[in-house]
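One structure is given here, and the rest of the page talks about it.
The values are calculated or read from the model by the stated rules, or taken from the named source; none is laboratory data. Quantities reported herein were computed from a predicted structural model and do not represent experimental measurements. Here the Cβ positions follow ideal geometry from the backbone for every residue, glycine too, while neighbour counts run over all protein chains shown.
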Amino acid sequence: MYRFILAIFLIAVPFNLDRIIILNNNAVLQDKDNKSDLQSSEPFIGKDYSKLRDTLYTTHNYYVEINLKKQLGYLYGRDGLKHIFKLSSGTDRIKDGIKTREGVFVVQEKNRKRYSKEFETWMLKWMGFNYGIGMHALYGNSYYKYLGRNTASHGCIRLSREDADFIFSRVKVGTPVLVHSENNVVSIGFTDSTNTYFRYSNEELSDLVKNRLAAIYNKRYFLEAKEKLLVDFSNITHFGLPLGNVKKVPYRQLIFVHYFKDIPTTIDQVK
């Protein structure tokens, strides 16, 4: 009446699977032509996970995403807000200019006005996140023509005064800032009341993120990345955290398998 069966717990719902074959206590996912997707008997999730991302979580009400490739930014709110804004990031094509560095950062400081001695200019609604790099507006409108179109700053994220006002009024010190060129393996999400989250020191968090990225590359993310990690001012420095490289993310991921004893083999036994 009872027998050993193999239960497979998937993080996401699999598709295009006709059956599971049990071989030597391992599961092989089969396609509809009854051909195995694998060369071995190790269990894999039966879908494309090349776009898998490791999510870090914030308790703040907002976070900022900077897309350097599109020269666009996004202010996300816990209430569902998605404010899209144009920007100009850093370029090394101008004197003393540098490309805006990618990574996971948090707002380290806020000032309504900050004077740059190096470039002899006022930066309005300053929101610094990477040493001397931050989001800000400028006096005048001559730079507006580059927003959303060209990299034009010495390294900072230039915003219109209107968008700078809107963002400055909402973000706080510790608000996450995700800067990428669409090659990131790390994303940001909001905490909720249904899950447990863990806060580590900067050194511990840096090591954990690196290990989790390695787990994704080695197809072991669902086996090793168990905890939901918090990021804030207390554990992210100006240096930030790595984003990973999406080109290293494989198509397949190993899944967790567990063996159960005395599982009913008919529907009637389940009732």
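Test Y49 against the criterion of being of a type in the set (S, T, Y), at pLDDT below 95 and under 22 Å from the mean Cα position of the chain (by Cα), and give yes or no.
Taking the combined requirement at face value, the residue satisfies it.
Could you please let me know if S160 is hydroxyl-bearing (S, T, Y) and either surrounded by fewer than 20 Cβ atoms within 10 Å (Cβ to Cβ) or in contact with a His (Cβ under 7 Å, 6 or more places away or on another chain) (or both)?
For S160, the condition - hydroxyl-bearing (S, T, Y) and either surrounded by fewer than 20 Cβ atoms within 10 Å (Cβ to Cβ) or in contact with a His (Cβ under 7 Å, 6 or more places away or on another chain) (or both) - is met.
Considering every residue within segment 176-185, establish whether at least one is among the small types (G, A, S) and either modelled with pLDDT of 95 or more or in contact with a Cys (Cβ under 9 Å, 6 or more places away or on another chain) (or both).
Yes, segment 176-185 contains a residue that is among the small types (G, A, S) and either modelled with pLDDT of 95 or more or in contact with a Cys (Cβ under 9 Å, 6 or more places away or on another chain) (or both).
Mind telling me which of the residues K125, K99 ends up being under 18 Å from S169 (Cβ atoms) and basic (K, R)?
K125
Under the condition of being touching a Leu at 6+ places or on another chain (Cβ under 7 Å) and part of a strand (DSSP E or B), which residue from segment 152-181 is farthest from W122 (Cα to Cα)?
H180
Can you tell me which of (1) in a strand (DSSP E or B); (2) free of Cβ contacts under 8 Å to residues at least 24 places away in the same chain; (3) polar (S, T, N, Q) is the one S187 doesn't meet?
(2)
With under 30 Å from K226 (Cα atoms), assigned by TED's automatic domain parsing to the domain that holds V231 and either surrounded by fewer than 20 Cβ atoms within 10 Å (Cβ to Cβ) or modelled with pLDDT of 95 or more (or both) as the only criterion, which of L81, L87, L124 stands out?
Exactly one residue qualifies, and that residue is L81.
Go through segment 212-230 and give me each residue that's at pLDDT 95 or above and outside any loop (DSSP other than H, G, I, E, B).
Selection gives R212, L213, A214, A215, I216, Y217, K228, L229, L230.
Read through the list (1) at pLDDT 95 or above; (2) outside any helix (DSSP H, G or I), then give the number of the only condition that E118 fails.
(1)
Can you tell me which residue is nearest to S181 (Cα to Cα) among those in segment 197-224 that are surrounded by fewer than 19 Cβ atoms within 10 Å (Cβ to Cβ) and of a type in the set (A, V, I, L, M, F, W, C)?
Restricting to residues being surrounded by fewer than 19 Cβ atoms within 10 Å (Cβ to Cβ) and of a type in the set (A, V, I, L, M, F, W, C), the top hit is A214.
Identify all residues within segment 95-123 that are among the aromatic types (F, W, Y) and out of contact with any strand residue (DSSP E or B) (no Cβ under 6 Å at 6 or more places or on another chain); write none if there are none.
Scanning segment 95-123 gives a single hit, F119.
Please give the number of the condition F168 fails out of (1) within 21 Å of the chain's Cα centre (by Cα); (2) of a type in the set (F, W, Y); (3) surrounded by 14 or more Cβ atoms within 10 Å (Cβ to Cβ).
That leaves (1) as the condition not met.
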